[in-house]
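See structure below.
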Amino acid sequence: ITRLGLVSALREEQSGLIEAMQDTQTVTRGMRDYVTGKLWGIDTVCVLSRIGKVAAAATVATLIERFNVSHIVFTGVAGAVESDVQVGDIVVADSLAQYDMDATPLFPRYEVPLLGQSHFGSDKHLTDRLTEAANQFLSGDLENAIPSQDRDTFRLASPRVFRGLIASGDEFIDSQARQLALKEAFPSLLAVEMEGAAVAQVCFEFGVPFSVIRTISDGANEASAHDFMQFIDSVASRYAFGIVKRMCGM
Ligand code: ADE
């Protein structure tokens, strides 16, 4: 990695990392602060995209075109749509799709028009590295990183790392019925969020290797708004910090 672009949607998903950077400089562009510097020895640009596919796409295009990042990592939280996947588990995306893309009857449902594909694969090497970092974090750092009270609250007994399909759309999924519909459309789907597949499309178009790693904050059901708020308030940034630190080899 010659220059890493590190993106999260919300401050709560990235706090700690900017403080860990050295020689920082902040450049404001398109209503976002891009913080450049060294993160555990790696030349890095940290930025918050805000929520949604357009916000993520604009942020990533700027990282690539103006900040010349060589790799992009998106960290944050997601809702689980697979019963095996629990709050506190980590999902690393092998590929991503936009579940709200629908240009039928002009193009097949979910296919991004004129790109001829619905699924965008993450960079294998970077994704392997993040999967390894996530496993190291869960097995070695979790107990120190998360206070026992929070581990009890979220029942973080022995969280696991999953790898597979993440789907994105401009919608917060908070009902069992919506979740079921998404699972029917994408049978192998592990988690849903609101940015990853937009990052994936832009990185595909620019030929920039990327990876998306998400901690499960909720079950994409009727309780998800409450669970999401509680999770990002207390533990989301600790996961992101711990995983990225391991990814940097620390
Ligand atoms: N991010 C975290 N939880 C989510 C949910 N339930 N729906 C969409 N994005 C999310």
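Are any residues in the stretch 25-60 β-branched (Val, Ile, Thr) and assigned to a loop (DSSP other than H, G, I, E, B), and if so, which ones? Let's see the steps before the verdict.
At the first step, the residues of the stretch 25-60 found to be β-branched (Val, Ile, Thr) are 26-28, 35-36, 42, 44-45, 47, 51, 54, 59-60.
Listed by number, the list holds a single entry, 51.
Does residue 75 fit the bill of being crowded, with 18+ Cβ neighbours inside 10 Å, of a type in the set (S, T, N, Q) and away from the ligand (no atom under 16 Å from the Cβ)? Show your work before the answer.
Values: crowded, with 18+ Cβ neighbours inside 10 Å: yes; of a type in the set (S, T, N, Q): yes; away from the ligand (no atom under 16 Å from the Cβ): no.
Judged against the criteria, residue 75 is not a match.
Within the stretch 191-209, work out how many residues are touching a Gly at 6+ places or on another chain (Cβ under 9 Å) and within 15 Å of the ligand (Cβ to nearest atom). Lay out the reasoning, then the answer.
Here is the first cut: in the stretch 191-209, the ones touching a Gly at 6+ places or on another chain (Cβ under 9 Å) are 191-198, 200, 204, 208.
After this cut, where a residue has to be within 15 Å of the ligand (Cβ to nearest atom) as well, the list is 191-198.
Total meeting the criteria: 8.
Which residue, of 89, 43, is more than 16 Å from the ligand (Cβ to nearest atom), modelled with pLDDT of 95 or more and either within 18 Å of residue 21 (Cβ to Cβ) or within 14 Å of the chain's Cα centre (by Cα) (or both)? Full working, then the answer.
Values: 89 fails: more than 16 Å from the ligand (Cβ to nearest atom).
Every option except 43 fails the conditions.
Against the condition within 26 Å of residue 121 (Cβ to Cβ), away from the ligand (no atom under 13 Å from the Cβ) and either surrounded by 22 or more Cβ atoms within 10 Å (Cβ to Cβ) or modelled with pLDDT under 95 (or both), how does residue 212 come out, does it pass? Even if it seems obvious, please write down each step before you answer.
Values: within 26 Å of residue 121 (Cβ to Cβ): yes; away from the ligand (no atom under 13 Å from the Cβ): no; either surrounded by 22 or more Cβ atoms within 10 Å (Cβ to Cβ) or modelled with pLDDT under 95 (or both): yes.
Considered against the rule, which asks whether it is within 26 Å of residue 121 (Cβ to Cβ), away from the ligand (no atom under 13 Å from the Cβ) and either surrounded by 22 or more Cβ atoms within 10 Å (Cβ to Cβ) or modelled with pLDDT under 95 (or both), residue 212 comes out as no.
Can you tell me which condition residue 63 does not meet? The list is (1) assigned to a helix (DSSP H, G or I); (2) touching a Ser or Thr at 6+ places or on another chain (Cβ under 8 Å), and all the others hold.
With respect to (1) assigned to a helix (DSSP H, G or I); (2) touching a Ser or Thr at 6+ places or on another chain (Cβ under 8 Å), residue 63 is out only on (2).
Among the residues of the stretch 1-53, which ones are of a type in the set (A, V, I, L, M) and within 20 Å of residue 232 (Cα to Cα)?
So the first thing to find is which residues in the stretch 1-53 are of a type in the set (A, V, I, L, M), and the list is 1, 4, 6-7, 9-10, 17-18, 20-21, 27, 31, 35, 39, 42, 45, 47-48, 51.
6, 7, 9, 10, 17, 18, 20, 47, 48, 51 - these are the residues of the stretch 1-53 that are of a type in the set (A, V, I, L, M) and within 20 Å of residue 232 (Cα to Cα).
Within the set of pairs 6 or more residues apart or between chains, which connect a residue that is touching a residue at least 60 places away in the same chain (Cβ under 8 Å) and farther than 15 Å from residue 70 by Cβ inside the stretch 28-55 to a residue that is among the aromatic types (Phe, Trp, Tyr) and in a loop (DSSP other than H, G, I, E, B) with Cβ atoms less than 9 Å apart?
Close Cβ pairs (under 9 Å, with a partner that is among the aromatic types (Phe, Trp, Tyr) and in a loop (DSSP other than H, G, I, E, B)) amount to 51/172.
Take residue 151 and decide whether it is free of Cβ contacts under 8 Å to residues at least 12 places away in the same chain, surrounded by fewer than 20 Cβ atoms within 10 Å (Cβ to Cβ) and of a type in the set (Lys, Arg). Lay out the reasoning, then the answer.
Working: free of Cβ contacts under 8 Å to residues at least 12 places away in the same chain: yes; surrounded by fewer than 20 Cβ atoms within 10 Å (Cβ to Cβ): yes; of a type in the set (Lys, Arg): yes.
Considered against the rule, which asks whether it is free of Cβ contacts under 8 Å to residues at least 12 places away in the same chain, surrounded by fewer than 20 Cβ atoms within 10 Å (Cβ to Cβ) and of a type in the set (Lys, Arg), residue 151 comes out as yes.
Looking at (1) more than 14 Å from the ligand (Cβ to nearest atom); (2) closer than 27 Å to residue 6 by Cβ; (3) not small (Gly, Ala, Ser), which is the one condition that is false for residue 166?
(1)
For residue 235, state whether it is crowded, with 24+ Cβ neighbours inside 10 Å, in contact with a helix residue (DSSP H, G or I) (Cβ under 7 Å, 6 or more places away or on another chain) and farther than 17 Å from residue 6 by Cα. Show your work before the answer.
Working: crowded, with 24+ Cβ neighbours inside 10 Å: yes; in contact with a helix residue (DSSP H, G or I) (Cβ under 7 Å, 6 or more places away or on another chain): yes; farther than 17 Å from residue 6 by Cα: yes.
Answer is yes for this residue.
May I ask you to say which residue of 107, 120 is outside any helix (DSSP H, G or I), surrounded by fewer than 20 Cβ atoms within 10 Å (Cβ to Cβ) and not aliphatic (A, V, I, L, M)?
Details: 120 fails: surrounded by fewer than 20 Cβ atoms within 10 Å (Cβ to Cβ).
Of 107, 120, the one residue that is outside any helix (DSSP H, G or I), surrounded by fewer than 20 Cβ atoms within 10 Å (Cβ to Cβ) and not aliphatic (A, V, I, L, M) is 107.
Do you know which residues across the stretch 84-103 are more than 21 Å from residue 230 (Cβ to Cβ) and either free of Cβ contacts under 8 Å to residues at least 40 places away in the same chain or not in a strand (DSSP E or B) (or both)?
If we filter the stretch 84-103 for residues that are more than 21 Å from residue 230 (Cβ to Cβ), which is where we start, we get 84, 92-103.
Of everything in the stretch 84-103, those that are more than 21 Å from residue 230 (Cβ to Cβ) and either free of Cβ contacts under 8 Å to residues at least 40 places away in the same chain or not in a strand (DSSP E or B) (or both) turn out to be 84, 99, 100, 101, 102, 103.
Filtering the stretch 1-22 down to residues that are surrounded by fewer than 21 Cβ atoms within 10 Å (Cβ to Cβ) and of a type in the set (A, V, I, L, M), which residue is nearest to residue 130 (Cα to Cα)?
The first filter runs over the stretch 1-22 and keeps only residues surrounded by fewer than 21 Cβ atoms within 10 Å (Cβ to Cβ), leaving 1-3, 10-12, 15-16, 18-22.
Right, trim to of a type in the set (A, V, I, L, M) and you get 1, 10, 18, 20-21.
Numbers: 1: 13, 10: 20, 18: 19, 20: 19, 21: 19 Å.
Checked the stretch 1-22; the qualifying residue nearest to residue 130 (Cα to Cα) is 1.
Examine the stretch 171-190 for a residue that is within 19 Å of residue 242 (Cα to Cα) and within 16 Å of the ligand (Cβ to nearest atom), and state whether such a residue exists.
No, because not a single residue in the stretch 171-190 is within 19 Å of residue 242 (Cα to Cα) and within 16 Å of the ligand (Cβ to nearest atom).
The values are calculated or read from the model by the stated rules, or taken from the named source; none is laboratory data. In this text the structure is predicted, and so the values were computed from the model without any measurement. Counting neighbours? That spans all protein chains shown, and the Cβs are built from the backbone with ideal geometry, glycine included.
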